[in-house]
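Below: one structure, written as structure tokens.
The values are calculated or read from the model by the stated rules, or taken from the named source; none is laboratory data. Every value quoted in this text rests on a predicted model; they were computed, and no experiment measured them. Note that each Cβ is placed from the backbone with ideal geometry, even for glycine, and that neighbours are counted across all protein chains shown.
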Amino acid sequence: MIRLENVTKRYGSETVAVRDASFDVAKGDFVFLVGPSGSGKSTILRLVNRQERPERGDVWVAGQNVNDLPDSRVPFLRRNMGNVFQDYKLLSGKTVFENIAFALEVIGKPRHVIARQVPIVLDLVGLAGKEDRFPNQLSGGEQQRVSIARAFVNRPLILLADEPTGNLDPATGEGIMSLLDEINQTGTTVVMATHDHRVVNAMRRRVIQLDRGVIVRDQERGVYE
Amino acid sequence: MIARIAYAFREMWASFRRNLTLTAAAILTSAIALLLVGTTLLIQRAFENLLVQWKGDVAMIVFVRSDATPEQIALIDESIRSAPTIINVDKLQYLDKTQTYEEAKRIFVGDPVTLSLLTPENIPSEFKVVPITQDPALVRSLSEQYRSLPGVEDVALAEDEFEVISTLSKFVRTVTLVMSLVLLVVAVGLIWNTIRTAMFARRREIEVMKLVGATNWFIRVPFMLEGLLQGLIGAVVSCGGLWALNSAWTNGVAGFKPGTGISSLVVPSGYLSAVMFVILIIGALAGAIGSAIAASRFLDV
């Protein structure tokens, strides 16, 4: 589903974000990218959804070489992947329903599809009945659930999560992790960047560890260390 | 498809209302710029009424009495052609009564009283003379000769009637054209800035749109529509101003004494509509261009 081949990415001429990274993620996998801040986890996610382009090497997503993709095709690549962030990136002027509907609206989905899909995904993330709230009326965990609902409402092949539990207390983070696990069970490939030891150790999934841009460990059923 | 169009218009309208002060500034500037463009065109046209008989370097017009015989006309023609060192005989033009009457309709467009006194029968015909010489004194001395020929009613010299107006007209045209161009650029700049601000205010939204796979065109179109609407509203405002200005001017000029020439400085209403149409197009284009530049440059937020 995702393959990196000898990918190097630098910011400016000095900072090496990722150095010669190669790995393969099969369809339906759940992968943790771990390592301290600045080790290149977020950069890898940004390379996968083509927010960044590598300096050397290739990034493949669903059989497509992402680097060769013309800019005009990038939106269609991104429709295959959902994104979840540490800071949720919800639109404060829109309700829960509107935030989720927005993701469908801007890719041109007709209204009746939106009206059908949004309640289903709200139910999935456990927010049924809160569709008319605004983000600032929700707890952090609930806001993250909205953001996951928005990422998943289009049934993407891949879910990219960048520190999704970073702003949450452990109990709430656990809830988010079980939600991501549930989404993974539906066949969606999940790649999650984190430095949260607890969630990695509790899940026992594949772990790719980065240190200053270099992959130092790639282990099935790994722990954080 | 309908969902997309509805979306674009909804977003355009929301953004339009959100930035009301900037939007008002952009609209007002484009309105003033376009008003100047329109005024330039109208002034140009009004002067042309006065200058139409002097088009093409004509320096002297020999008016022939309406009751002149063909022999007298032939004699005048011959006399003019007999000075080929002073006069460009290839460009010598004779307008018969019908042609002169057509011309008079334009000259006296704002002076219906005088025009009603003229008919294709009682109007003089005319020779239009283009000189070769640069020396106005030579042309003037020729005019004295022609005046004494039988059948000649009068000889008019551009020097006396036309040069002041011509110079004035060129000056006014240059000044208004430069001013309106500068203002037009300012208007495009202001629209650009308004759209840029609108996009900056919504950068989080745009970021989310890009991440969930909205195409750049989908993101861009509402902003471009917003700019287009600003330019168009500016144009509509300026059309109103232009209409008011023209009505006031036409009414004011009607009070002048006939025959002073000032009363010719009006434009036909068909021309006014054409100018308004052009202004609407320029306004819409300026808005679309300003916002398109902004939308392309600031999409990478």
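When B:F218, B:F277 are checked against the criterion of being at pLDDT below 90 and among the aromatic types (F, W, Y), B:F218 stands alone in meeting it.
Scanning the range A:3-33 for residues that are of a type in the set (D, E, K, R) and more than 17 Å from the chain's Cα centre (by Cα) yields a count of 6. If I filter the range A:87-101 for residues that are among the polar types (S, T, N, Q), facing chain B (nearest Cβ under 9 Å) and farther than 18 Å from B:I219 by Cα, do I get at least one hit? Among the residues of the range A:87-101, at least one is among the polar types (S, T, N, Q), facing chain B (nearest Cβ under 9 Å) and farther than 18 Å from B:I219 by Cα, which makes the answer yes. Hey, does the range B:39-53 have a residue that's out of contact with any helix residue (DSSP H, G or I) (no Cβ under 7 Å at 6 or more places or on another chain) and surrounded by 21 or more Cβ atoms within 10 Å (Cβ to Cβ)? Checking the range B:39-53: at least one residue is out of contact with any helix residue (DSSP H, G or I) (no Cβ under 7 Å at 6 or more places or on another chain) and surrounded by 21 or more Cβ atoms within 10 Å (Cβ to Cβ). Condition check: buried (at least 16 other Cβ atoms within 10 Å of the Cβ) and at pLDDT below 95. Does A:G173 satisfy that? Taking the combined requirement at face value, the residue satisfies it. So A:G140 clears everything in (1) crowded, with 22+ Cβ neighbours inside 10 Å; (2) at pLDDT below 95 except one condition, right? Which one? The failed condition is (1).
Across the range A:102-122, the qualifying residues are those that are closer than 19 Å to A:R145 by Cβ and more than 12 Å from every other protein chain (Cβ to nearest Cβ), and the one among them that is surrounded by the most Cβ atoms within 10 Å (Cβ to Cβ) is A:V118. Anything in the range B:124-135 that is free of Cβ contacts under 8 Å to residues at least 40 places away in the same chain and either outside the structural domain of B:I87 (by TED's automatic domain parsing) or within 32 Å of the chain's Cα centre (by Cα) (or both)? List them, or say none. Of everything in the range B:124-135, just one residue is free of Cβ contacts under 8 Å to residues at least 40 places away in the same chain and either outside the structural domain of B:I87 (by TED's automatic domain parsing) or within 32 Å of the chain's Cα centre (by Cα) (or both), namely B:Q134.
Name the pairs whose Cβ atoms lie under 7 Å apart, with the first residue in the range B:145-161 and at pLDDT 80 or above and charged (D, E, K, R), the second part of a loop (DSSP other than H, G, I, E, B) and surrounded by fewer than 17 Cβ atoms within 10 Å (Cβ to Cβ), and 6 or more positions between them or separate chains? What qualifies is B:E153/B:R65. Here the range B:30-86 is the region considered, the condition is being of a type in the set (F, W, Y) and within 19 Å of B:S143 (Cα to Cα), and the residue that is modelled with the highest pLDDT is B:F63. Looking at B:G261, B:G255, B:G241, just one residue is at pLDDT 90 or above and more than 14 Å from chain A (Cβ to nearest Cβ), and that residue is B:G241. Restricting attention to the range B:212-230 and to residues that are of a type in the set (S, T, N, Q) and in a helix (DSSP H, G or I), the residue that is nearest to the other protein chains (Cβ to nearest Cβ) turns out to be B:N216.
Just wondering, is there one or more residues in the range B:95-104 that are over 26 Å from B:E71 (Cβ atoms), among the basic types (K, R) and part of a helix (DSSP H, G or I)? Scanning the range B:95-104, I find no residue that is over 26 Å from B:E71 (Cβ atoms), among the basic types (K, R) and part of a helix (DSSP H, G or I), so the answer is no. If you go through the range A:24-61 and keep only what is within 14 Å of chain B (Cβ to nearest Cβ) and in a strand (DSSP E or B), you end up with just A:V61. Those helices (runs of 4 or more DSSP H) of the range A:121-225 in which at least 2 residues are under 16 Å from the mean Cα position of the chain (by Cα) and over 26 Å from A:G40 (Cβ atoms), considering only elements entirely within it, cover A:140-152, A:170-185. Being over 15 Å from the mean Cα position of the chain (by Cα) and in contact (Cβ under 8 Å) with a residue 60 or more places away in the chain is a property that holds for A:P36. B:M209 falls short on exactly one of the conditions (1) within 30 Å of B:K55 (Cβ to Cβ); (2) within 14 Å of another protein chain (Cβ to nearest Cβ), and that condition is (1).
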